[in-house]
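Asker: The structure under discussion is supplied below as structure tokens; questions concerning it will follow.
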Amino acid sequence: MTDSAIDFSDVALRIKETGRKAGAKVVGIAAADAFNHYVPQGHRPEDFLPGAKSVIVAGGDGPTAGAWHSPDHDVIENIGYDLRENVAVHVMADLIDHEYGYYAIQAPSREVSGHTPPMSMMLAAVLAGLGTRSLAANIILHPQYGMLYYAALITTMPLPPDHVLEKDVCPAPSCVKMWERFGTTPCLSACPASQGGCLEGKIENGKIVENFYDRERCHSRAQTYGAGSFQKMLLEIVNEEDAEKRKSLLYSDFFTRSIEALAYYKESIAQCFECIRVCPVGMKDRAKM
Amino acid sequence: MLRVHSRLSSGNEGPSEDVSNRRMEAHKSLASREEEIKRGAVAFGAQVCGIADAAAFAEETPEGFRPHDLLPNARSLIVVGGAQPRAGDWISPAVDTMMTTSTADRINSVARKIAQEVESRYGYYALFVPPGTRKGNQPFLSLMLAAELAGLGSRSLAGTLLHPTYGFLYYAAVITTLPLAADSRLTEPVCPAPSCVDMWEREGTTPCLSICPAKSGGCLDGKIDNGRIAESFYDRDRCHTRVYTNWIPGFQKVLEEATNEEDREKRKMLLYGNFFTSTLWSLTFSAQSQGQCFECMRVCPVGKVTKK
């Protein structure tokens with residue numbers, strides 16, 4: 001099939017519908033070269049797929065409203081997410097590859113060096129018009145659903161891109177009002193950097209004008225169980241000279257949970273959700289009967 | 001406290017107009033909802049689906065392990081079963097087949113999808129019960145009890161729950177505030193099967209008891225009187241060490257051995273050994289129910305239809 005024989009607008013609609021049917025809550029498209037303005041070489045779609053033209057981004061649900069509502073903090077810390085956005089990305093990639101004959105690959109997003117992913121899913125979501133950065137740890141907020149989990153695919157298919165949202169999702173109107181009355185917002189007050197938390201910011205004329213996020217501190221708290229805690233305990237274990245103490249470290253609940261968490265390492269799983277718990281964006285979607 | 005926090009609490013101020021409307025709408029079709037959910041569960045990949053009353057747990061489990069401890073105002077549990085080994089798995093001559101492929105992940109995926117559906121379609125809270133353990137071998141909530149209360153099976157001499165048609169299944173559950181008509185517990189126990197009663201009368205044992213007898217170093221013991229289980233013994237800890245050979249405990253055990261080993265070469269052999277490598281692969285399914293021993297279920301006549 002030649003490019004001129006394809007109506008890419010129709011194809012884009014079909015791909016999005018396919019992604020939604022496969023489990024994505026939202027799907028958006030970004031132009032691959034739009035990344036060049038924001039990220040250095042080595043982190044652009046073209047670096048992973050020569051001839052990349054488009055990036056298709058799928059957003060999926062994280063915890064259900066019931067999980068947010070649970071009084072037992074172990075639940076939201078332990079619950080496994082379906083993370084259907086990853087499945088949706090593969091289903092859409094298969095469609096592009098098998099039916100239209102263009103290259104399509106999953107965009108690599110797992111950290112490979114420190115906390116830096118090969119390709120930023122947050123930027124991909126913003127460029128695909130799915131949301132904007134927030135005061136809450138820079139998390140991308142979708143205007144209707146708030147926090148979603150994102151995955152993407154890169155393709156050589158030249159699809160019409162969606163537009164970056166014209167209006168910032170954060171701060172929400174209620175947060176602007178709160179800022180005007182109290183000089184803070186729900187997320188900033190839940191985790192203020194000035195009191196040992198991770199967030200700081202400033203709003204002027206209804207817009208974010210300053211934004212501080214202590215990623216290192218947040219990481220150590222949001223991902224209490226994971227590769228980091230596993231490595232920390234492992235070091236302690238191999239350094240421990242007393243065999244009995246070593247044994248108690250090895251079989252402790254903390255180390256066991258750290259091992260369990262490794263199973264979800266490819267997924268974005270966290271043990272702290274407090275800035276998003278109080279975020280009004282998407283709260284309607286989290287209120288059930 | 002900031003005002004935004006008060007909006008998050010369940011509060012006593014009553015539901016919003018939006019929530020009230022949804023609640024009214026939801027009550028209109030209450031009668032058909034159970035069937036709709038069960039049909040949906042099967043379409044998502046469950047073999048069976050049943051509904052349990054959340055309040056029924058109070059009689060059988062202590063505080064802290066009941067549905068409302070995980071989700072306030074819990075009314076119902078939607079329990080799905082499936083993902084059991086396929087007929088081909090059972091006849092596979094390679095032990096590695098079921099040791100490495102049989103896990104509960106497919107049924108957990110179904111339950112997660114049901115939780116999302118209940119919230120988006122009916123507007124009630126729905127919580128997928130975390131499938132892992134909370135501490136030690138303690139689950140967040142007993143899925144066996146949930147399945148039993150939902151009428152999906154009954155306990156067996158083999159320690160597992162048996163569905164009358166399909167026998168051994170993996171189970172997952174969703175707790176919800178959605179009020180649903182609960183199914184009843186099975187009136188007739190699935191175990192012992194008629195052929196097992198015959199065997200007991202002839203030989204004083206059953207297929208599962210004879211394959212793993214506690215008195216010969218196995219995990220099971222029991223007694224049948226008048227076609228019913230009269231005594232049952234299951235050594236959970238022993239079974240655990242054999243069924244979950246490759247899981248987290250296996251990993252911890254080798255790691256302990258490796259750190260205790262002073263000889264560098266021996267340490268290297270332990271760390272690169274097949275057993276330790278298997279435990280690492282197994283960890284990637286750590287939140288799933290998985291096992292490396294299925295012998296009591298291999299010989300169980302219940303659910304034979306799924307093994308042919």
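What follows draws every value from the coordinates through simple rules; no lab data is involved. Quick caveat: nothing in here was measured; it's all calculated off a predicted structure. Cβ atoms come from the backbone with ideal geometry, glycine included; neighbour counts cover every protein chain shown.
Asker: Which of these, B:Leu270, B:Leu178, B:Leu157, has the largest mean-square fluctuation under a Gaussian network model of chain B (Cα springs below 10 Å)?
Answerer: Its mean-square fluctuation being the largest, the pick is B:Leu270.
Asker: Something else now. If each DSSP helix of 4+ residues adds -39,500 (n - 2.57) and the sum is divided by the residues in the protein assembly as shown, what number results at 222 nm, nearest 500 deg cm²/dmol?
Answerer: Working: 29 runs with 238 residues, N = 597.
It comes out at -11000 deg cm²/dmol, rounded to the nearest 500.
Asker: Could you go through the stretch B:54-62 in sequence order and give the Karplus-derived ³J(HN,Hα) for each residue, using 6.51 cos²θ - 1.76 cosθ + 1.60 with θ = phi - 60°, rounded to whole Hz, and x for Gly and Pro?
Answerer: Those phi angles translate into 4, 5, 5, 5, 4, 6, 10, 10, x Hz.
Asker: Which whole-number percent is the relative contact order of chain A (Cα, under 8 Å, 6+ apart)? Display every interim value, and only then the final one.
Answerer: Details: 514 pairs, mean separation 57.5, N = 289.
Relative contact order of chain A: 20 percent.
Asker: Within the stretch A:67-110, which residues have the backbone N less than 18 Å from the label spot 7 Å out from A:Arg14 along Cα→beta-carbon, could you tell me?
Answerer: A:89-105
Asker: In addition: Which entries in the list A:Lys207/A:Lys284; A:Lys167/A:Lys207; A:Lys25/A:Lys284 go over 19 Å, if you measure between the two C-alpha atoms of each? Present the calculation step by step, with values, prior to reporting the outcome.
Answerer: Working: A:Lys207/A:Lys284 22 Å; A:Lys167/A:Lys207 10 Å; A:Lys25/A:Lys284 16 Å.
From the list (A:Lys207/A:Lys284; A:Lys167/A:Lys207; A:Lys25/A:Lys284), the Cα-Cα distance tops 19 Å for A:Lys207/A:Lys284.
Asker: Would you mind getting me the FRET efficiency between B:Thr284 and B:Glu35? Use the beta-carbon distance for r and R0 = 25 Å, nearest 0.05. Please report the intermediate quantities before stating the final value.
Answerer: Details: r = 37 Å, r/R0 = 1.47.
Once rounded, the FRET efficiency stands at 0.10.
Asker: Right, another one. For chain B, set up a GNM with springs between Cα atoms under 10 Å and report which of B:Gly132, B:Gly222, B:Gly64 has the largest fluctuation.
Answerer: Highest fluctuation among the options: B:Gly64.
Asker: Looking only at other chains, what is the average number of their beta-carbon atoms within 10 angstrom of each beta-carbon in A:240-252?
Answerer: On the way: counts 1, 0, 0, 3, 0, 0, 4, 4, 0, 2, 6, 7, 1.
So the per-residue partner count for this stretch is 2.
Asker: Calculated FRET efficiency, B:Arg106 and A:Ser194, Cβ-Cβ r, R0 60 Å, to nearest 0.05? Each step should come with its number before you reach the end.
Answerer: Values: r = 48 Å, r/R0 = 0.80.
According to the calculation, E is roughly 0.80.
Asker: GNM on chain A, C-alpha springs below 10 Å: top fluctuator among A:Glu274, A:Glu99, A:Glu200?
Answerer: For chain A, modelled as a Gaussian network with Cα springs under 10 Å, the answer is A:Glu99.
Asker: Across the residues of A:178-185, average count of Cβ atoms on other protein chains within 10 Å? Don't skip to the end; give the middle numbers.
Answerer: Values: counts 3, 0, 0, 1, 2, 0, 1, 2.
That average works out to 1.
Asker: If you don't mind, another one. FRET efficiency for A:Gln41 and B:Gln138, Cβ-Cβ distance as r, R0 = 51 Å, nearest 0.05? It would help to have the intermediate numbers written out before the result.
Answerer: Working: r = 51 Å, r/R0 = 0.99.
The value I calculate is 0.50.
Asker: Moving on. Going toward the positive end of the dipole of the protein assembly as shown, with +1 on Lys and Arg Cβ and -1 on Asp and Glu Cβ, which of B:Gly64, A:Leu188, B:Ser278 do you reach last?
Answerer: So the residue furthest toward the plus end is B:Gly64.
Asker: Another question about this same structure. Need one value for B:115-126: mean number of C-beta atoms belonging to other chains within 10 Å of its residues' C-beta atoms. Let's see the in-between values first.
Answerer: On the way: counts 8, 9, 1, 4, 9, 6, 0, 2, 4, 4, 11, 6.
So the per-residue partner count for this stretch is 5.
Asker: Between B:Arg298 and A:Arg110, how many nm apart are label points set 7 Å from Cα along the C-beta direction?
Answerer: 3.3 nm
Asker: I've got another one for you. Please flag any cysteine in chain B that has no other cysteine's Cβ under 4.7 angstrom from its own Cβ.
Answerer: Taking the Cβ cut-off of 4.7 Å, the unpaired cysteines of chain B are B:Cys49, B:Cys191, B:Cys196, B:Cys212, B:Cys293, B:Cys300.
Asker: No partner Cβ under 4.7 angstrom, meaning no disulfide-compatible partner by this rule: which Cys of chain A qualify?
Answerer: That list is A:Cys170, A:Cys175, A:Cys191, A:Cys272, A:Cys279.
Asker: I would also like to ask the following. To the nearest 20 debye, what is the magnitude of the charge dipole of the stretch B:29-102 about its Cα centre, counting +1 on the Cβ of each Lys and Arg and -1 on the Cβ of each Asp and Glu?
Answerer: Working: 6 positive and 10 negative charges, 58 e Å.
Roughly 280 debye, rounded to the nearest 20.
Asker: In whole Å, what three semi-axes, largest first, describe the equivalent ellipsoid of the stretch A:100-244 built from its Cα gyration tensor (square root of 5 times each eigenvalue)?
Answerer: Working: eigenvalues 206, 161, 18 Å².
Output for the stretch A:100-244: semi-axes of 32, 28, 9 Å.
Asker: Test of understanding: extend the Cα→C-beta vector of A:Tyr103 to 7 Å, then name every residue of the stretch A:45-65 with backbone N under 14 Å from that spot.
Answerer: Residues A:45-55 qualify, since their backbone N sits under 14 Å from the label point.
Asker: Follow-up. Among all the lysines, which ones have a C-alpha under 23 Å from B:Lys215's C-alpha, if same-chain residues fewer than 8 places away are not counted?
Answerer: Partners found: B:Lys223.
Asker: What list of ³J(HN,Hα) values in whole Hz, one per residue of the stretch B:87-98 in order, does the Karplus curve 6.51 cos²θ - 1.76 cosθ + 1.60 (θ = phi - 60°) give from phi, with Gly and Pro shown as x?
Answerer: After applying 6.51 cos²θ - 1.76 cosθ + 1.60, I find 3, x, 5, 5, 8, 4, x, 8, 4, 4, 4, 6 Hz.
Asker: Kindly identify chain B as rounded, prolate or oblate by the Cα gyration tensor criterion: order the square roots of the eigenvalues as a ≥ b ≥ c, call it rounded if a/c is under 1.5, otherwise compare a/b with b/c, prolate if a/b is larger, else oblate. List each step's numbers first, then the result.
Answerer: Numbers: a/c = 2.14, a/b = 1.35, b/c = 1.58.
Taking the square roots of the gyration eigenvalues as a ≥ b ≥ c, chain B is oblate.
Asker: Is any helix in chain B, taking whole DSSP H runs, at least 15 angstrom long along its axis by alpha carbon and on average at least -1.0 on the Kyte-Doolittle scale, and which ones? Please list the in-between numbers first.
Answerer: Working: long enough: B:17-28 (17 Å, -1.92); B:30-44 (21 Å, -0.26); B:105-117 (18 Å, -0.84); B:248-260 (18 Å, -0.27).
For chain B, where a helix must reach 15 Å along its axis and average at least -1.0, the hits are B:30-44, B:105-117, B:248-260.
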